[in-house]
Amino acid sequence: MTDKKVELAHCLELLSASISLWTPDLWNKALELAEELDHPAATEAYEELIHYSGEFSARNIFGFRLKPDKAQLEVYSNEFSQIAARLRDSS
């Protein structure tokens, strides 16, 4: 497994572990790694990271930022964990 796959898997695991670990720096690092890798799981990670970031930048009709609810975060947590596992399992 390449170092970039390991790094991306680690970033995704951190993102899936807790909302408190989500930072723009971690998200950017994961996104950059996902863009650089030529792997189906990395492509999926890239797409999910884009959607995930939208949960944190969504605004209501009055322009106020909306926080994602627990159910939304659980879906992404599961997705990121599964993608990280596929990255780690690939050779």
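Just so you know, all these numbers are worked out from the coordinates, no wet-lab data involved. Note that the structure is a prediction, hence the values are computed from the model and not measured. Positions of Cβ are backbone-derived with ideal geometry, glycine not excepted, and every protein chain shown enters the neighbour counts.
Report the Rg/Rh value for segment 3-89, based on alpha-carbon coordinates and the Kirkwood definition of Rh. Don't skip to the end; give the middle numbers.
Numbers: Rg = 12.9 Å, Rh = 13.0 Å.
Across segment 3-89, the Cα-based Rg/Rh ratio is 0.99.
Please identify which residues in segment 1-16 have an amide N closer than 17 Å to a label point set 7 Å out from the Cα of Glu36, following the Cα→Cβ vector.
Zone members listed by number: 1-13.
Can you run phi through the Karplus equation (6.51, -1.76, 1.60; θ = phi - 60°) for segment 6-16 and list ³J(HN,Hα) in whole Hz, with x for Gly and Pro?
5, 4, 5, 4, 5, 4, 5, 5, 5, 5, 7
Would you please put 36-44, 6-14 in order of how densely packed they are, using the mean number of other Cβ atoms within 10 angstrom per residue and starting with the highest?
Numbers: 36-44: 16.0, 6-14: 21.3.
Highest to lowest by the protection proxy: 6-14, 36-44.
For segment 70-85, what does the Karplus curve 6.51 cos²θ - 1.76 cosθ + 1.60, with θ = phi - 60°, yield as ³J(HN,Hα) per residue in whole Hz, taken in order and with x for Gly and Pro?
Going residue by residue, I get 4, 5, 4, 5, 5, 4, 5, 4, 5, 4, 5, 5, 5, 5, 4, 5 Hz, with x marking Gly and Pro.
Once you place label points 7 Å from the Cα toward the Cβ at Ser18 and Phe62, how far apart are they in nm?
Each label point lies 7 Å from its Cα, and together they span 3.1 nm.
Under the rule of at least 5 residues apart or a separate chain, name every residue whose amide H is placed under 5 Å from the amide H of Ser90.
Those qualifying (amide H under 5 Å, at least 5 residues apart or on another chain) number zero.
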